[in-house]
Structures are given as structure tokens and as C-alpha cells.
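> First the structure, then my questions, so here it is.
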Amino acid sequence: MQITDTLATLVSEALESAQASGSLPAAGDVDIKIERPKLAEHGDFSTSLPLALARSMRMAPIQIAEAIAEAMPENEIVGAVTHAAPGFVNFTLSTTWLQAQIDVVRSAGDNFGSVTTGAGQSVQVEFVSVNPTGPLHVGHARGAVIGSSLANVLAAAGYEVQREYYVNDAGNQMRVFYDTLYSRYMQAAGHDVPLPDPAYPGEYLQDLASDLLKDLGNGAVSKEKSEAIADLAPESLKRTLDEIRGVLGKLGVSYDQWFHESDLLTSGRFDEVLNYLEDADLIIEREGAKWFAATKLGLEEDTVVIRSDDGGPTYFGTDIAYHHEKFLKRKFDRVINVWGADHHGHVARMKALLQAFGLDPDRLTIILNQIVNFKNEGESLKFSKRNNVMVTVEELLEEVGADACRFTFLSRSPESHMEFDLGLAKTQSSENPVYYVQYGHARMASILRTAIERKITHETADLSLLTHNRELELIRKIIELPAVVERAAERLEPHHLPHYAMDLSRSLQRFYEDCRVVSSEEGELEISRARLQLVEAAKVALSRTLTLMGMSSPERM
């Protein structure tokens, strides 16, 4: 149970006790909220419940606050309870309890910060899902980081999480890709075959076609175009996906499943779902195409699901079958899609789709991540191979590294526009938040190594010696992690992690400056042992935070 839950329970008991004694009148149902006070001198937590009760109780809020404070039951967590104008009840955590949390953190180890919010619930997080038509562009990196970190947070919150990449391997873009690949393959074999219109630009397909000719031979040259594409397509798709998988791996992103769009068509699921919607009178034919009758569900316009020109399904058409498969076959309790901001117009249609399936639209959450602007030395960058400015995720990783990418992309909420400062990301100083946080972890590791070198053990320690303000401040910050994880999971906001990591690192810095940890001098050995346990607990908390962000926890820097 979180600290806030415990305090809310205690306030509820105090309110009932005060009402039973006649100190306070009946008030009906109440919503008890425990929050952090704006000023540190007001304690660790606070409730403004008396302000909410003032009208129904017909009493001054400060009198209600005083009555609740006086009726508060004793609890090991609470050190002091006070009331303050205009109607707050403030709580200060017990020093003895805070000291004891060091053992709790150290014992939890890599599991510290985990909560049970999502226990018994399954959730799928689908993210990136870029068409397999070439290398990942820098614009895809933010969604990859947000999706993978969110999945980590949800798993830490107790959810059963599946990470999925949806491979769009059956749509119109793939037809253009294969048509272009065929032309490039024939050109590589010495034949003057023009590019199709439209065609995929860029060097990637030229290089891929040359590699296929070298590795597979020229057997496809003498075949009809459709047969040649059938020969080349499987290997070209495999190589493109392998490249995407490899680059994402370098970014610290992995998946439990790669789901292929083509499976929806070959398995018959697309036709099955289309028939279901037709029976529900939600598919109409117009202008030679089939449309999803979204207007019948309150939207302003209908959406094409089968095109009139070639009779093939649209992106939205296969998305219908894909989400039917997610919810009604694999039976996920929740589905979270992390998409680019250009999918904004797709959100309402997807919600209407769940309504058509008889499902609660709130079971689907679509997170749209805004574009990222990059700058270096104060100047904005325009991506262009012609101007030798990086365009791929792999080039970004080579420039600044995976950890800097992940921390920077996570530092802002997905809906916020952001600037990625390449120069700052590479700076080896406290100005760089990535360096600052990881250096904090390395410093804790260094302190623990120094203790080992000086043969100072800390398996046992008198934690009651930890009474310095910086020591208690650090403990308070360490034990916030479970609440941070719970909040990030409930709100689907992994950006709380880097902010917590910075706050914890600042507390570490202040503790390091004011409290000497390793000392073998007579009279200081016991406080050293206690502080070493505190350092170990801080290292546990910071390492877990870095892990949840998908970053490394360096022992040396």
C-alpha cells in the first residue's frame, strides 16, 4: 500500500472517530485526497479535506482540521500531525520509519518501485510499426522510446504486458515498394527498366536490389514481373525488418511479437470482420468502394475500408481487423497504440470502431507523439542526405548514443513539441541531465568500492544514526519511486521517470557534499556503515529508474 493510501485510511478513521465523539457532525460520503504540500515546512503530505467539508458541516475549515488532527490514530508511518489555516491537516513522516525504509529498499533490490496497480490485467503496447520500406527515420525514435518505456512502467505496475510491432506488409505502400525494388533489381542486372510512378526514392532500394542480385542471383530477371516480385519480396522484407529490428535493439527496444498485416488477409479475419460490420449495417457501398459508416456512430464522415481502384483494403480497413483480433481473439483488457501526431484524424475512427464491436472505447488509448526539432550549437537542423545531415535513427545513435536519446525523448510528455540539443546530449558535464544522472549512479558505485578497498563492511548498521537533514531528505526522495511508477502507469506518462531521476540525483549530490560517507576514523565507523547502507539504497533506486527508462546504469564514468 502506498503512503498516500495509508494516510487516507488514517484520515478516514480520524473523521469517523471525531464524528462518533461529537467533535464533528455527519458529512456523508467524502473523497479524501492526500497531496504534497507546496511548502516543505508544512510536512511531507497534506489533505485539504476540511475545506471540502466546511459547507456540509457548517463549520470553519480550521476547526474541522483541528478535530481531525486530534483524532488521528497512531501509526508507525506518521511522526507528527498538525493543522494549518485555512483548513489543512499536515503530516510529517516518522524519522524512525524513514530510517527503516533503507532495509526495505535494499531487500527489494531490482524489484524496488514495483506496485500492484495493474495486477490481473493484460495490456498490449503497440509502437513504432513503421512501414518496412527502409531505414527508421529520426522522427520514429521518439515513439520507440515512449512506447518501450511505457511498457516497462506498466510491467512494473503489475500489468501483464505485450510489446508489439505491427508490420504493414500488405498495403499499397508495399506494392509501391516492391514495384520499385523490381525496377532497381533489373537495373542492377543491366536492364533499362524505368521506375514506376509512384516510386520509392532514395538509395536504400538501390543498395537492397544490388545485394539481392548478388546473394540470390539473376534468376528473377527472366521471369514475369509478378513472378519476379514473388521471388524477391520475402527476402527483401526479411532484410528490411532485420535492419529495423537491429536499429531498435541498439536503441534498447525489443518486442514480444511482430504481427504481420498480411496474416489478417490470409487467415480470413479481415473478411470475417467485414462481414460482421456488414451484418450490423455499418458497411455501405459508394463510388465503387466500401465505406465504414462512421456517421451512424456520431462521426462527421464515413471512411473507406476497401478502395474502388484495386479492391484492396485501406490502412483503416486492416486496422479494423487488427483491433478486432487484439480485443476479441487475444482478449487484451487494454490496448495502447503509440502513433505519430500525423494520425490525429484516425483517433475518433478507432474509438467508433470499438463502439461498433460493442466494446468500451476507453479500453483503447492512442498516444500521439509530436515531432521533434533537432538543433546543434544553437542552430536548427534540416535533415538531408544531400547536405550530409543525419536522417536515420542509426545515425542519431552514432552521434549521441542510446542513453542520451532515451532520456531526452522521455523528458517531455508525448504531446509536447520538443527540441533535441545534439551538442548538450554529448556534453560530459553536469549541464547534461543524462550525464548528471548516470554520474550519480557511478558515484554511488565508487563510494561502495572505496568501502570495500578500506575493508569497511556494512552488512549491519545502526540506521538510527541517520538524522542529518540531507540523509533524511535522500531517504524521502528514494521512497517516492513506487508512487512515481504508480502515477506514470495510471496516467500513461513515462516522462515522470526522468524528472524523478533528476530530483533523486540532486538529493544525492547534496547528501554527498554535506555527509562524509567513508571514514575509518575512530568514532566515525558506525555512521559510515549507516551511510553506506543509505548509499546502497540510493543506488538501488537510481538503477531501477534508469532500467525503467531503458538506460544503462554505469558503475564507472
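The values are calculated or read from the model by the stated rules, or taken from the named source; none is laboratory data. Keep in mind the model is a prediction, meaning the values are calculated, not measured. Backbone-built Cβ (ideal geometry, glycine too); neighbour counts: all protein chains shown.
> From the set of residues in the stretch 238-255 that are surrounded by fewer than 14 Cβ atoms within 10 Å (Cβ to Cβ) and touching a helix residue (DSSP H, G or I) at 6+ places or on another chain (Cβ under 9 Å), which is nearest to residue 147 (Cα to Cα)?
Of the stretch 238-255, the ones surrounded by fewer than 14 Cβ atoms within 10 Å (Cβ to Cβ) are 238, 242, 246, 249, 254.
The next check asks that each one be touching a helix residue (DSSP H, G or I) at 6+ places or on another chain (Cβ under 9 Å); those that pass are 246, 254.
Numbers: 246: 17, 254: 10 Å.
So, considering only residues that are surrounded by fewer than 14 Cβ atoms within 10 Å (Cβ to Cβ) and touching a helix residue (DSSP H, G or I) at 6+ places or on another chain (Cβ under 9 Å), the one nearest to residue 147 (Cα to Cα) is 254.
> Also: Provide a single number: the residues in the stretch 142-173 that are within 13 Å of the chain's Cα centre (by Cα) and under 28 Å from residue 201 (Cβ atoms).
Total satisfying the criteria: 5.
> Here's a follow-up. List every residue pair whose Cβ atoms lie under 8 Å apart, where the two residues are 6 or more positions apart in sequence or sit on different chains, the first residue falls within the stretch 406-418 and is in a loop (DSSP other than H, G, I, E, B), and the second residue, located anywhere, is charged (D, E, K, R).
These pairs meet every condition: 413/493; 414/142.
> Turning to a different aspect of this structure: Give me a count of the residues in the stretch 1-32 that are under 27 Å from residue 104 (Cβ atoms) and either of a type outside the set (D, E, K, R) or at pLDDT 95 or above (or both). Please lay out each step first, then the result.
Keep residues of the stretch 1-32 that are under 27 Å from residue 104 (Cβ atoms), which gives 1-14, 32.
Those left that are additionally either of a type outside the set (D, E, K, R) or at pLDDT 95 or above (or both): 1-4, 6-14, 32.
Final tally of qualifying residues: 14.
> Has the stretch 395-403 got any residue that is under 30 Å from residue 269 (Cβ atoms) and in contact with a Phe, Trp or Tyr (Cβ under 9 Å, 6 or more places away or on another chain)?
Going through the stretch 395-403, the residues under 30 Å from residue 269 (Cβ atoms) turn out to be none.
No: zero hits.
> Pick from the stretch 330-349 the residues that are touching a residue at least 24 places away in the same chain (Cβ under 8 Å) and among the charged types (D, E, K, R): which of them is farthest from residue 124 (Cα to Cα)? Break it down into steps so the answer makes sense when it comes.
Keep residues of the stretch 330-349 that are touching a residue at least 24 places away in the same chain (Cβ under 8 Å), which gives 330-341, 343-344, 346, 348-349.
Then keep just the ones that are among the charged types (D, E, K, R); that gives 330-331, 333-334, 349.
Values: 330: 10, 331: 10, 333: 8, 334: 6, 349: 19 Å.
My answer is 349.
> Among the candidates 424, 396, 368, 410, which residue alone is under 30 Å from residue 326 (Cβ atoms) and surrounded by 18 or more Cβ atoms within 10 Å (Cβ to Cβ)? Walk me through it before giving the result.
Working: 424 fails: under 30 Å from residue 326 (Cβ atoms); 396 fails: under 30 Å from residue 326 (Cβ atoms); 368 fails: surrounded by 18 or more Cβ atoms within 10 Å (Cβ to Cβ).
Criteria check complete, one pass: 410.
> Something else about it: If you go through the stretch 369-383 one residue at a time, do you hit one that is out of contact with any strand residue (DSSP E or B) (no Cβ under 6 Å at 6 or more places or on another chain), under 21 Å from residue 280 (Cβ atoms) and not in a strand (DSSP E or B)?
For the stretch 369-383, residues out of contact with any strand residue (DSSP E or B) (no Cβ under 6 Å at 6 or more places or on another chain), under 21 Å from residue 280 (Cβ atoms) and not in a strand (DSSP E or B): absent.
> Of (1) in contact (Cβ under 8 Å) with a residue 40 or more places away in the chain; (2) more than 20 Å from the chain's Cα centre (by Cα), residue 275 satisfies all except one. Which?
Residue 275 satisfies every listed condition except (1).
> So residue 417 clears everything in (1) under 30 Å from residue 314 (Cβ atoms); (2) surrounded by 15 or more Cβ atoms within 10 Å (Cβ to Cβ) except one condition, right? Which one?
Of (1) under 30 Å from residue 314 (Cβ atoms); (2) surrounded by 15 or more Cβ atoms within 10 Å (Cβ to Cβ), only one is false for residue 417: (2).
> Output the residues belonging to the stretch 334-362 that are within 18 Å of the chain's Cα centre (by Cα) and over 18 Å from residue 259 (Cβ atoms). Give the steps one after another, and end with the answer.
The initial filter retains those residues of the stretch 334-362 that are within 18 Å of the chain's Cα centre (by Cα), namely 334-341.
Within the stretch 334-362, 340, 341 qualify.
> Applying the selection to the stretch 118-140, what residues are closer than 24 Å to residue 364 by Cβ and either among the small types (Gly, Ala, Ser) or assigned by TED's automatic domain parsing to the domain that holds residue 479 (or both)?
Within the stretch 118-140, 118, 119, 120, 122, 129, 139 meet the criteria.
> Which of the residues that make up the stretch 71-125 are among the charged types (D, E, K, R), farther than 30 Å from residue 160 by Cα and touching a helix residue (DSSP H, G or I) at 6+ places or on another chain (Cβ under 8 Å)?
Taking the stretch 71-125 first, the residues among the charged types (D, E, K, R) are 74, 76, 103, 106, 110.
From what's left, farther than 30 Å from residue 160 by Cα: 74, 76.
Once the filter is applied, which keeps residues that are among the charged types (D, E, K, R), farther than 30 Å from residue 160 by Cα and touching a helix residue (DSSP H, G or I) at 6+ places or on another chain (Cβ under 8 Å), the stretch 71-125 yields only 76.
> While we're looking at this one, here's another question. Please state which of the following conditions residue 205 fails to meet, knowing it meets all the rest: (1) part of a loop (DSSP other than H, G, I, E, B); (2) touching a residue at least 60 places away in the same chain (Cβ under 8 Å); (3) not charged (D, E, K, R).
Going through the list (1) part of a loop (DSSP other than H, G, I, E, B); (2) touching a residue at least 60 places away in the same chain (Cβ under 8 Å); (3) not charged (D, E, K, R), residue 205 breaks only (1).
Every residue, every condition in (1) modelled with pLDDT of 95 or more; (2) surrounded by 15 or more Cβ atoms within 10 Å (Cβ to Cβ); (3) polar (S, T, N, Q); (4) within 30 Å of residue 335 (Cα to Cα), yes or no:
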{"site": "461", "(1), (2), (3), (4)": "yes, yes, no, no"}
{"site": "466", "(1), (2), (3), (4)": "yes, yes, no, no"}
{"site": "474", "(1), (2), (3), (4)": "yes, yes, no, no"}
{"site": "487", "(1), (2), (3), (4)": "yes, yes, no, yes"}
{"site": "503", "(1), (2), (3), (4)": "yes, no, no, no"}
{"site": "529", "(1), (2), (3), (4)": "yes, yes, no, no"}
{"site": "545", "(1), (2), (3), (4)": "yes, yes, yes, yes"}
{"site": "551", "(1), (2), (3), (4)": "yes, yes, no, yes"}
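> Taking the stretch 208-224, which residues are closer than 14 Å to residue 183 by Cβ and part of a helix (DSSP H, G or I)? Before the answer, list the steps.
Going through the stretch 208-224, the residues closer than 14 Å to residue 183 by Cβ turn out to be 208-210, 212-213, 220-221.
Passing the criteria: 208, 209, 210, 212, 213.
> Can you find, within the stretch 299-308, the residue that is surrounded by the most Cβ atoms within 10 Å (Cβ to Cβ) among those that are of a type outside the set (Lys, Arg) and in contact (Cβ under 8 Å) with a residue 12 or more places away in the chain?
Residues of the stretch 299-308 that are of a type outside the set (Lys, Arg), as a first pass: 299-306, 308.
Restricting the remaining residues to those that are in contact (Cβ under 8 Å) with a residue 12 or more places away in the chain gives 299, 302-306, 308.
Values: 299: 15, 302: 20, 303: 21, 304: 17, 305: 24, 306: 19, 308: 12.
Out of the qualifying residues, it is 305.
> Here's another thing I want to ask about it. Quick one: count up the residues across the stretch 322-355 that are crowded, with 18+ Cβ neighbours inside 10 Å and over 27 Å from residue 149 (Cα atoms).
Total satisfying the criteria: 2.
> Looking at (1) touching a residue at least 40 places away in the same chain (Cβ under 8 Å); (2) assigned by TED's automatic domain parsing to the domain that holds residue 47; (3) crowded, with 20+ Cβ neighbours inside 10 Å, can you tell me which one residue 105 breaks?
If we test residue 105 against (1) touching a residue at least 40 places away in the same chain (Cβ under 8 Å); (2) assigned by TED's automatic domain parsing to the domain that holds residue 47; (3) crowded, with 20+ Cβ neighbours inside 10 Å, just (2) comes out false.
To keep it simple, each residue is scored yes or no on (1) touching a helix residue (DSSP H, G or I) at 6+ places or on another chain (Cβ under 7 Å); (2) not assigned by TED's automatic domain parsing to the domain that holds residue 503.
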{"site": "419", "(1), (2)": "no, yes"}
{"site": "434", "(1), (2)": "yes, no"}
{"site": "437", "(1), (2)": "yes, no"}
{"site": "450", "(1), (2)": "no, no"}
{"site": "455", "(1), (2)": "no, no"}
{"site": "459", "(1), (2)": "no, no"}
{"site": "462", "(1), (2)": "yes, no"}
{"site": "465", "(1), (2)": "yes, no"}
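> Test residue 431 against the criterion of being over 30 Å from residue 331 (Cβ atoms), assigned to a loop (DSSP other than H, G, I, E, B), acidic (Asp, Glu) and at pLDDT 90 or above, and give yes or no.
On the way: over 30 Å from residue 331 (Cβ atoms): yes; assigned to a loop (DSSP other than H, G, I, E, B): yes; acidic (Asp, Glu): yes; at pLDDT 90 or above: yes.
Considered against the rule, which asks whether it is over 30 Å from residue 331 (Cβ atoms), assigned to a loop (DSSP other than H, G, I, E, B), acidic (Asp, Glu) and at pLDDT 90 or above, residue 431 comes out as yes.
> With the condition kept exactly as written, say whether any residue in the stretch 320-335 is in a strand (DSSP E or B) and touching a strand residue (DSSP E or B) at 6+ places or on another chain (Cβ under 9 Å). Working first, answer last.
Step one: filter the stretch 320-335 for residues in a strand (DSSP E or B), giving 334-335.
This time we only want the ones that are touching a strand residue (DSSP E or B) at 6+ places or on another chain (Cβ under 9 Å), so: 334-335.
Within the stretch 320-335, one or more residues are in a strand (DSSP E or B) and touching a strand residue (DSSP E or B) at 6+ places or on another chain (Cβ under 9 Å).
> Those residues that are without any contact (Cβ under 8 Å) to a residue 40 or more places away in the chain and in contact with a helix residue (DSSP H, G or I) (Cβ under 9 Å, 6 or more places away or on another chain), I need them from the stretch 285-295; list them, please.
Initially, the stretch 285-295 is screened for residues without any contact (Cβ under 8 Å) to a residue 40 or more places away in the chain, giving 285-291, 293, 295.
If the condition is that a residue be without any contact (Cβ under 8 Å) to a residue 40 or more places away in the chain and in contact with a helix residue (DSSP H, G or I) (Cβ under 9 Å, 6 or more places away or on another chain), then 290, 293 are the ones that fit.
> Is it true that some residue in the stretch 131-151 is among the small types (Gly, Ala, Ser), free of Cβ contacts under 8 Å to residues at least 60 places away in the same chain and not in a strand (DSSP E or B)?
Scanning the stretch 131-151 turns up at least one residue that is among the small types (Gly, Ala, Ser), free of Cβ contacts under 8 Å to residues at least 60 places away in the same chain and not in a strand (DSSP E or B).
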